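Heads up: the structure comes next, in structure tokens.
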Amino acid sequence: MEQIIDPARTALEERLRKVFPDIYEPAARKELVEQGHFMELKAGEVFMEIGGYIRTVPLVLSGLLKLERMDDDGNEMLLYYLKPGETCAMSLTCCMNEPRSTIRVTAEEDSELLAIPVRMMDRFTEEYRSWKSFVMLTYQRRFDELLRTIDGVAFQNLDSRIADLLRNKARNSGSNVLLITHQELAEQLNSSREVVSRLLKRMEHEGQVKLGRQRIELRSLDPLR
């Protein structure tokens with residue numbers, strides 16, 4: 001019997017190959033596409049909510065996802081972003097027993113992803129060397145990022161943390177113009193809007209940024225540093 005080829009599935013496999021080159025085994029990519037669920041998220045749409053069961057792991061194809069935690073008082077703190085070619089280390093770590101999520105995953109901008117059922121993860125790690133390497137690399141990157149975050153909290157002043165956060169956002173978005181409010185920055189840095197606004201005004205006076213209504217333009221604050 002002649003095999004029927006699904007053009008949409010073939011195109012998705014090719015896209016997965018380009019965006020996730022570390023998953024180099026064709027059989028692994030084929031099964032990911034067959035078992036996964038292609039999703040489109042609008043900016044602000046929630047992929048995973050705090051308290052919900054972790055049943056899928058996202059492979060980001062385009063756009064940007066934001067991961068946050070919340071303390072007992074309802075204060076939110078940014079953990080990290082997921083760019084194309086990345087997945088969520090926390091979902092991979094917690095998925096085996098399908099626990100409830102302690103993080104919120106939201107689309108920072110319009111995004112496309114492949115949601116992979118967590119029931120596949122254990123077998124996939126055993127059968128596909130490229131997937132196992134990809135998972136280990138994901139853990140390593142997030143561990144390195146965690147160390148940088150700890151260093152920032154322990155050793156950096158708030159103005160340095162603001163600068164680092166703005167650079168990170170500019171790198172992730174590919175633009176020096178960031179559509180963000182002072183209140184949103186304050187929440188992500190676990191600080192107050194008044195303090196953040198005062199420091200941003202000082203940075204503007206020094207020529208590092210230019211402030212506008214719900215926007216911040218990076219000037220001498222080089223996002224490539």
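Tabulated data
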| read-out | value |
| --- | --- |
| Unique residue being touching a helix residue (DSSP H, G or I) at 6+ places or on another chain (Cβ under 6 Å), under 19 Å from Val19 (Cβ atoms), at pLDDT below 90 and hydroxyl-bearing (Ser, Thr, Tyr) when the list is Tyr128, Tyr81 | Tyr81 |
| All positions within the stretch 168-220 that are at pLDDT 90 or above, polar (S, T, N, Q) and more than 19 Å from Tyr81 (Cα to Cα) | Gln208 |
| Filter result for the condition that a residue is under 17 Å from the mean Cα position of the chain (by Cα), touching a residue at least 60 places away in the same chain (Cβ under 8 Å) and either part of a helix (DSSP H, G or I) or surrounded by fewer than 14 Cβ atoms within 10 Å (Cβ to Cβ) (or both), over Leu146, Leu165, Leu185 | Leu165 |
| Within the stretch 98-135, considering residues that are β-branched (Val, Ile, Thr) and part of a helix (DSSP H, G or I), the one farthest from Glu68 (Cα to Cα) | Thr125 |
| Odd one out for Pro21 among (1) in a helix (DSSP H, G or I); (2) loosely packed, with under 13 Cβ neighbours inside 10 Å | (1) |
| Of residues in the stretch 79-100 being in contact with a Lys or Arg (Cβ under 7 Å, 6 or more places away or on another chain) and open to solvent by 30 Å² or more (accessible area, probe 1.4 Å), the one nearest to Arg142 (Cα to Cα) | Leu79 |
| Filtered residues of the stretch 188-225 (kept if aliphatic (A, V, I, L, M), in a loop (DSSP other than H, G, I, E, B) and buried (at least 16 other Cβ atoms within 10 Å of the Cβ)) | Leu221 |
| Test: Leu32 is touching a residue at least 12 places away in the same chain (Cβ under 8 Å) and part of a strand (DSSP E or B) | no |
| Those residues of the stretch 54-74 which are in contact (Cβ under 8 Å) with a residue 40 or more places away in the chain, on the phi > 0 side of the Ramachandran plot and open to solvent by 20 Å² or more (accessible area, probe 1.4 Å), in sequence order | none |
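Every residue, every condition in (1) without any contact (Cβ under 8 Å) to a residue 40 or more places away in the chain; (2) open to solvent by 50 Å² or more (accessible area, probe 1.4 Å); (3) of a type in the set (D, E, K, R), yes or no:
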| site | (1), (2), (3) |
| --- | --- |
| Ala107 | no, no, no |
| Asp110 | no, yes, yes |
| Arg119 | yes, yes, yes |
| Phe124 | no, no, no |
| Lys132 | yes, yes, yes |
| Tyr139 | no, yes, no |
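The values are calculated or read from the model by the stated rules, or taken from the named source; none is laboratory data. All figures in this text were calculated on a predicted structure; none of them were measured in a lab. Cβ: placed from backbone, ideal geometry, glycine included. Neighbour counts: every protein chain shown. Surface areas here come from the heavy atoms of the whole protein model, side chains and all, with no ligands, DNA or RNA. Shrake-Rupley method; radii C 1.70, N 1.55, O 1.52, S 1.80 Å.
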